[in-house]
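Here's the structure, in structure tokens; my notes come after.
The values are calculated or read from the model by the stated rules, or taken from the named source; none is laboratory data. Source: prediction; values computed, not measured. With ideal geometry, Cβ positions are generated from the backbone for all residues, glycine too; neighbour counts draw on all protein chains shown. Accessible surface is based on the protein model in full, side chains and every heavy atom, while ligands, DNA and RNA are left aside. Shrake-Rupley method; radii C 1.70, N 1.55, O 1.52, S 1.80 Å.
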Amino acid sequence: MSSRVSADRVLSNDAVRSLLAMKTVGTQRDLLLTFEVLDVSRYLVDEDVPLVLNEEIHPNDFDVFDVLVSDGGVKAKMVLSLRLNHLVHKGALLPGSVLQVEEMDVRYDETKVGPRHDKLLIIKKAKVLSGSSVRPSLDVPFVAEMPERWRDPIPLVGDRGCYLGLFDEDSTNIPTAFIQQHEKREEDKTAAASRFPSKNNTVEQVAESFRVHSSSPSIMDVLRRRLRTSDAFPQDVVGRVVRKSKLHHFGVPLKKNKFPFQFSLIICDASGSVQVVCWSTSALLYHPSVQLGDVILVRNYRFKDRFSIPELSVNPKNPKGMIQVLDQEQYSLWRGVSMRSLFQFVPSGRMSVYTDGQEVDFVGICLFAGPLRRARNKETDRSQFHCYRWLRLADHRCPIQIPIKVYANSQLNLLQSITPGSLLLLNRLVIRSTTVDSLTARSVWLKSTTWTSIFQEERSLALDLDPINEVYDWWNANRSLFQLAHFDSEYIVPNQRVESTMTRLPQFTALCRELHEPLSVTPLSQLQSMADSLAYLECHVVVVQGLLTDISITPLPLEFFASSSSSSS
């Protein structure tokens, strides 16, 4: 029996059950089994991976991919051989693809203690038959023979605790509920032997302890006491979040670190400010829940004096740190700072007054949204990628459109959802500019930093600040004009640097000089090999020169004109 996913591809029904039911283990050749790919998950290789997969680690083998496939009836997770990683790196193997498996290893994970029926399915040889732009449904049931622990959002091989973003280094796709379950299991394991007794065990005690009274110590009061590192339960600290960094992943290949994540907050009150750093599962738990502008209470932290700068570390154990977002009733007596002091808005017409390197906040209407691109992290010796988009924003004070290069900063889904016409607020942007010569006006553009947060319409308006409301009123009054100007940005490919402002060679040369990057010409004979070396969605600027011999016109797809006419009407 078979199940169709398209007019010309047939899935191999009951193939998953047949593989798991095999009484012998080893390599199965000449299979020609066809599966639909439901999801692809990535994690870093560690020292157990080569033992389990029985493969040598090459210098560029940093990633391991688990593939969730369906045979038309049930689904199962399989491991992709390291020799097939190029299928994902090039963007051929994605959710929705149809994969034909020709060779597979059925083996046990000898590095784990568990039942003998916990078989691993390792795809050794395969090819992608077709792809799809529509993400498939995950409602297909798991095969009954699949071990229960492999149904969780954790890697099949090695000792990593969670998956990474498929194409962005600082993104994760792990549910918060799973992190909470993991922490609960760890607490149960160490409760008897822990040096740190639990504090405020009952719900009533915890709720009451989070209430901030007028006698609560300020941040400077706590810092002056210079708490010792050995203090298990220092005084609670309350402050408003004025900065929030992206979620940093600092995992290293072939090294064991279950949850190598960290992010930072800067909180302040009327007396001063302090940096709060969350580590491991605490970082995964609190990064999505703590937002810029929240008033939070920090408890059970470790005090560190790093390079003479005080720092509060929130760890998952020894002791278990805690962050609580307070509501208006709980911090009504708190001596703090207002939301208005968080932002330093600069109108578009005054951007040219600021010098390079200064940080500004900007609120405006998105008039252009370029496609999602990926850039390599040049600070590491391995292929780390960070997603970004070019946006053009304008406000009501000046018709100048400001180009902004916005990195995902652990907000990949939000960055992907931005469309022309959206009201956006971006904080902690850094000024960049290009100057060609003394006769050409300075070209200003903005770039996001690790502290940049994206606020879209609902979150921006919830702040209820005058600059935001003024831009929103201007957008409402001219909504029909914005709809007429709307276009589908999928067919617009901006320049990597300053989108379409870098169309002349003198400007591009000047920009390379200011960024201390050499301007080199790529020979036409090397252009194809350079393009073949690019990863999926990777953008790379090249300069070529040669004799123009032909010009061809590629018409836009019919659906582009259909979408344009519908938006105009």
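For the pair Ala477 and Gln181 in one chain, pulling the backbone fully straight at 0.36 nm per residue adds 101.7 nm over the alpha carbon distance. One decimal place: the segment Ala92-Leu32 gains 19.8 nm when fully extended, by the rule 0.36 nm per residue minus the C-alpha distance. Of Glu359, Glu169, the order by accessible heavy-atom surface (1.4 Å probe, DNA, RNA and ligands excluded), from most exposed downward, is Glu359, Glu169. Note on Gln526 and Arg442: the model spin-label points, each 7 Å out from Cα along the C-beta direction, lie 3.5 nm apart. Modelled label positions at Ser533 and Val106, each set 7 Å beyond Cα in the direction of Cβ, lie 4.3 nm from each other. Taking θ as phi - 60° and the Karplus parameters 6.51, -1.76 and 1.60, the scalar couplings of the stretch 87-97 work out to 5, 7, 4, 8, x, 7, 9, 9, x, x, 6 Hz in sequence order, x denoting glycine and proline. Taking amide H as placed 1.01 Å from N in the peptide plane, Arg243 has its amide H under 5 Å from the amide H of Ile266, each at least 5 places away in sequence or on another chain. With a Förster radius of 45 Å applied to the C-beta separation of Thr435 and Lys255, the computed FRET efficiency comes to 0.50. For Leu121, enumerate residues with amide H under 5 Å from its amide H, sequence gap 5+ or separate chain, H modeled in the peptide plane. Amide H to amide H, under 5 Å and 5 or more residues apart or across chains, Leu121 pairs with Val79. Based on C-alpha pairs under 8 angstrom that are at least 6 apart in sequence, the stretch 313-385 has a relative contact order of 16 percent.
Multiplying the residue separation of Arg350 and Arg376 by 0.36 nm and removing their Cα-Cα distance gives an extension gain of 6.1 nm.
With R₀ fixed at 45 Å, the C-beta to C-beta distance from Val128 to Glu148 puts the FRET efficiency at about 0.90. Using a basic spin-label model with each label point 7 Å from the Cα along Cα→Cβ, how many nm lie between His540 and Ser417? Label at His540, label at Ser417, 3.4 nm between them. When you count the other C-beta atoms within 10 angstrom of each residue and take the mean per peptide, 341-354, 86-99 line up highest first as 86-99, 341-354. What the stretch 390-438 shows is 34 Å² of accessible area per residue, with the surface traced by a 1.4 Å probe over protein heavy atoms. A simple rule links phi to the HN-Hα coupling: the Karplus curve 6.51 cos²θ - 1.76 cosθ + 1.60 with θ = phi - 60°, which for the stretch 321-329 gives x, 8, 10, 10, 7, 8, 9, 4, 5 Hz, with x for Gly and Pro. On the beta carbon distance between Glu311 and Glu47, with R0 = 30 Å, the FRET formula returns roughly 0.45.
When the listed pairs Lys77/Lys125; Lys77/Lys320; Lys255/Lys378 are checked against a 26 Å cut-off, the alpha-carbon distance exceeds it for Lys77/Lys320.
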